[in-house]
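Inspection log for the structure reproduced underneath, given as structure tokens.
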Amino acid sequence: MQFPLKRLHFGKFVFDVCENVYEPAEDSFLFAENLDIEKGAEVLDVGTGSGLLAIVAAEKADFVVAVDFNPYAIRCAKENSVINSVRRKMVFIQSGLLAAFNEYEKFDVILFNAPYLPSAENEVDSWIVRSWAGGVNGRHVIDEFILQAPPHLKAHGRILLMQSTLASAEETIQKFEEFGLKTRIKAERQLPFFETLTLIEAKNV
Ligand SMILES: C[S@@+](CC[C@H](N)C(=O)[O-])C[C@H]1O[C@@H](n2cnc3c(N)ncnc32)[C@H](O)[C@@H]1O
């Protein structure tokens with residue numbers, strides 16, 4: 001058991017915020033507010049952090065696989081799944097993006113609140129920095145995710161990806177469409193200093 005830094009609430013859910021793990025922020029909450037999971041869905045949450053999206057999704061989903069490369073995040077998300085009584089529906093895997101899955105493992109919905117902020121090459125390396133830093137153009141992790149995720153969608157499956165306009169939402173939409181996915185902006189929120197949080201949905205049609 002880790003000692004939580006503090007507790008956060010989202011609707012009826014309760015989340016411990018853990019050391020070395022991304023604290024749910026405006027992007028996490030905008031994503032969770034727009035999370036429409038069908039009853040019985042099989043869901044993958046990439047970069048689960050404290051587990052907020054995975055746990056909210058688990059209410060309706062049949063099962064949720066939560067992945068993060070940060071071992072502290074996996075421990076934290078697991079504890080939060082117990083607090084919210086959804087542990088039995090969840091599997092936790094410490095892995096980089098979708099590296100843990102073979103070509104036959106496919107999902108109805110794949111979620112990713114990505115690291116999307118432009119960052120210097122020599123940015124201090126820590127688990128917290130790696131949760132938001134997207135390299136010089138903010139697209140380092142997003143571009144790798146766009147290559148890895150589409151083959152793991154079931155027929156009619158969907159990807160929900162949160163990023164900001166600082167990492168070019170247009171480029172993400174164009175790349176998903178090159179994979180033959182039907183793409184739309186599902187939600188947006190304006191932030192100070194000309195930045196907009198953008199939740200992009202890309203559907204296998
Ligand atoms: C912006 S945080 C989002 C956390 C949580 N999903 C939320 O919405 O509050 C991004 C998360 O992705 C994880 N992450 C970043 N790059 C990753 C990678 N290549 N493979 C797996 N996880 C990664 C980070 O450790 C972090 O937990």
Practice problem: Scan (1) more than 11 Å from LYS203 (Cα to Cα); (2) crowded, with 19+ Cβ neighbours inside 10 Å for the single condition HIS140 breaks and write down its number. | Solution: (2)
Exercise. Quick one: which strands (runs of 3 or more DSSP E) lie wholly within segment 1-67 and hold at least 1 residues that are touching a residue at least 40 places away in the same chain (Cβ under 8 Å) and touching a Cys at 6+ places or on another chain (Cβ under 7 Å)?
Key: 13-17
Practice problem: Filter segment 169-192 down to the residues that are out of contact with any helix residue (DSSP H, G or I) (no Cβ under 9 Å at 6 or more places or on another chain) and at pLDDT below 95, then identify the one that is nearest to ILE110 (Cα to Cα). | Solution: GLN190
Quiz item: Among VAL43, VAL14, VAL86, which is among the β-branched types (Val, Ile, Thr), buried (at least 17 other Cβ atoms within 10 Å of the Cβ) and within 15 Å of the ligand (Cβ to nearest atom)?
Solution: VAL43
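Give the residue, chosen from LYS182, LYS186, that is more than 23 Å from ALA100 (Cβ to Cβ), surrounded by fewer than 15 Cβ atoms within 10 Å (Cβ to Cβ) and more than 14 Å from the ligand (Cβ to nearest atom). Talk me through it step by step, then tell me what you get.
Values: LYS186 fails: surrounded by fewer than 15 Cβ atoms within 10 Å (Cβ to Cβ).
When all the criteria are applied, what remains is LYS182.
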Quiz item: Residues in segment 118-144 that are more than 8 Å from the ligand (Cβ to nearest atom), closer than 18 Å to ASP27 by Cβ and either touching a residue at least 60 places away in the same chain (Cβ under 8 Å) or under 12 Å from the mean Cα position of the chain (by Cα) (or both): how many?
Solution: 2
Quiz item: Under 8 Å by Cβ, and 6 or more places apart or on different chains, what pairs join a residue from segment 105-117 that is touching a residue at least 12 places away in the same chain (Cβ under 8 Å) with one that is outside any loop (DSSP other than H, G, I, E, B) and polar (S, T, N, Q)?
Solution: ASN113/SER28; ALA114/GLN163; PRO115/SER131; TYR116/GLN163; TYR116/SER164; LEU117/SER164
Quiz prompt | Out of ALA167, ALA99, sole residue that is surrounded by fewer than 16 Cβ atoms within 10 Å (Cβ to Cβ) and of a type outside the set (Lys, Arg) | solution = ALA99
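The values are calculated or read from the model by the stated rules, or taken from the named source; none is laboratory data. What you are looking at is a predicted structure, and each value in this text was computed from that prediction instead of being measured. Note: ideal-geometry Cβ built from the backbone for every residue, glycine included; neighbour counts use all protein chains shown.
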